[in-house]
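Colleague: Before I ask anything, here is the structure I am working with.
The values are calculated or read from the model by the stated rules, or taken from the named source; none is laboratory data. Bear in mind that the values here come from a model prediction, so they are computed numbers and not experimental data. Cβ placement follows ideal geometry from the backbone for every residue including glycine, while neighbour counts extend to all protein chains displayed.
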Amino acid sequence: MQHNALNQFIINSTRRTATLQLKAEKNDAFPWDAPVHVERLFSESGVKSNRLAVIAVPNPESGFVPREVGSYVKGDALLSNVDAVRATENALEKCGFEFTREVRLVRDGGGMEVTYTIHNYPITVGHSTGKPQIKLRNSYDNVWKFCGSFWVLMLVCLNGLFTLKSVECLTQKHSGKLNIGFMAERLMSLMDNGCQSIKSFEKLMDYPIADEIVAANVFGNIARISKGAVSKRNASEMLTYYLNPDDAERGLNHSLWRAYMAGTRMVRDLATVRPTVANEVNSWLGQIFGLVVDKGNGHFGDSRYLTSTPAKGYDLLEIDIQVM
């Protein structure tokens with residue numbers, strides 16, 4: 001019965017909406033480096049509020065008009081995107097890193113994410129070479145703290161691997177200015193620990209996937225463990241990618257490592273149309289597969305937690321027959 005369901009899944013996968021055909025997420029071209037200032041907020045009846053609005057005022061030549069990008073309570077520190085990027089890049093240079101950056105805004109300018117790809121610090125994961133990446137986040141809408149996380153860009157397949165290593169605070173407490181030396185120490189520590197962490201993902205090669213049905217279990221359980229953060233549709237797409245490996249994956253043994261590669265390849269394509277969703281999905285993939293690598297996490301560290309038959313509602317083969 002399961003093999004019939006698998007065959008039906010493979011047939012249906014040719015008709016399923018491809019990731020790259022999704023409607024693209026709106027791209028906010030608002031300048032990330034627009035100067036900001038704060039203004040007191042008042043109620044409609046004129047009552048003074050204890051909150052301050054963050055107003056971004058781009059250069060008139062940009063064609064954009066000023067907009068409110070966030071708010072905060074008086075007394076909180078406001079860190080501008082420009083100051084955050086300038087200080088971070090000074091710290092990266094202090095570490096001796098050669099890098100390029102990619103900036104994107106989310107939530108109408110309320111949040112900024114900068115991806116720094118480090119070019120002179122190569123790392124080998126499995127049989128492939130990668131480049132470390134540091135993703136910097138800053139926000140005016142209080143959704144994100146000023147923080148950095150560690151990723152690796154795999155050069156063979158251009159997949160992005162996420163580790164559990166992150167630095168939530170790159171600033172010294174009670175300091176009105178960013179301390180470049182302090183930030184450099186934190187970023188170097190993040191780099192060293194992140195490289196060690198991602199190397200440990202090689203252990204995923206030691207966990208075989210017996211057949212395509214077990215692979216379906218893996219991706220169904222990813223949707224289950226993430227509580228829908230990785231949607232069933234996304235999990236089904238990952239299974240489709242696993243069943244149709246690219247050249248880099250074709251030479252790999254059937255293991256959790258290959259499943260991770262297929263998952264991140266799907267996320268790579270998803271990021272071209274839905275970068276915000278892709279970022280969240282990739283973080284969940286890193287965390288879930290990381291739990292298998294880190295055996296100190298109780299039953300989550302048991303590979304059977306991923307390879308066993310998923311709970312009802314997360315069996316991708318049943319879902320494919322009934323829904324897709």
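Colleague: Of all residues being without any contact (Cβ under 8 Å) to a residue 24 or more places away in the chain and loosely packed, with under 14 Cβ neighbours inside 10 Å in segment 83-110, which is farthest from Gly181 (Cα to Cα)? Just the residue, please.
Modeller: Glu102
Colleague: In the list Asn217, Asn193, Asn244, Asn179, which residue meets the criterion of being modelled with pLDDT of 90 or more and of a type in the set (S, T, N, Q)?
Modeller: Just one listed residue meets the conditions, Asn217.
Colleague: Any idea which of Glu113, Glu93, Glu89 is assigned to a strand (DSSP E or B), of a type in the set (Asp, Glu) and assigned by TED's automatic domain parsing to the domain that holds Leu190?
Modeller: Answer to the selection: Glu113.
Colleague: While we're looking at this one, here's another question. Let me spell it out: the conditions are (1) within 19 Å of the chain's Cα centre (by Cα); (2) without any contact (Cβ under 8 Å) to a residue 12 or more places away in the chain, and Ser226 meets all of them except one. Which number is the exception?
Modeller: Checking Ser226 against (1) within 19 Å of the chain's Cα centre (by Cα); (2) without any contact (Cβ under 8 Å) to a residue 12 or more places away in the chain, the one that fails is (2).
Colleague: Okay, next question. Of everything in segment 30-82 that's part of a loop (DSSP other than H, G, I, E, B) and in contact with a Phe, Trp or Tyr (Cβ under 8 Å, 6 or more places away or on another chain), which residue is surrounded by the fewest Cβ atoms within 10 Å (Cβ to Cβ)? Walk me through how you get there before you give the answer.
Modeller: Filtering segment 30-82 for residues part of a loop (DSSP other than H, G, I, E, B) gives 30-35, 43-47, 57-59, 63-66, 75, 77-80.
Of the ones still in play, those that are also in contact with a Phe, Trp or Tyr (Cβ under 8 Å, 6 or more places away or on another chain) are 30-31, 34, 58, 64, 78-79.
Working: Phe30: 16, Pro31: 17, Ala34: 21, Pro58: 18, Phe64: 16, Leu78: 13, Leu79: 19.
The selected residue is Leu78.
Colleague: Going through Gly296, Gly290, Gly228, Gly301 one at a time, which residue ends up being outside the structural domain of Glu113 (by TED's automatic domain parsing), modelled with pLDDT of 80 or more and at negative phi?
Modeller: Gly290
Colleague: Does Arg258 qualify as being touching a residue at least 60 places away in the same chain (Cβ under 8 Å) and either β-branched (Val, Ile, Thr) or surrounded by fewer than 24 Cβ atoms within 10 Å (Cβ to Cβ) (or both)?
Modeller: Against the criterion (touching a residue at least 60 places away in the same chain (Cβ under 8 Å) and either β-branched (Val, Ile, Thr) or surrounded by fewer than 24 Cβ atoms within 10 Å (Cβ to Cβ) (or both)), Arg258 does not qualify.
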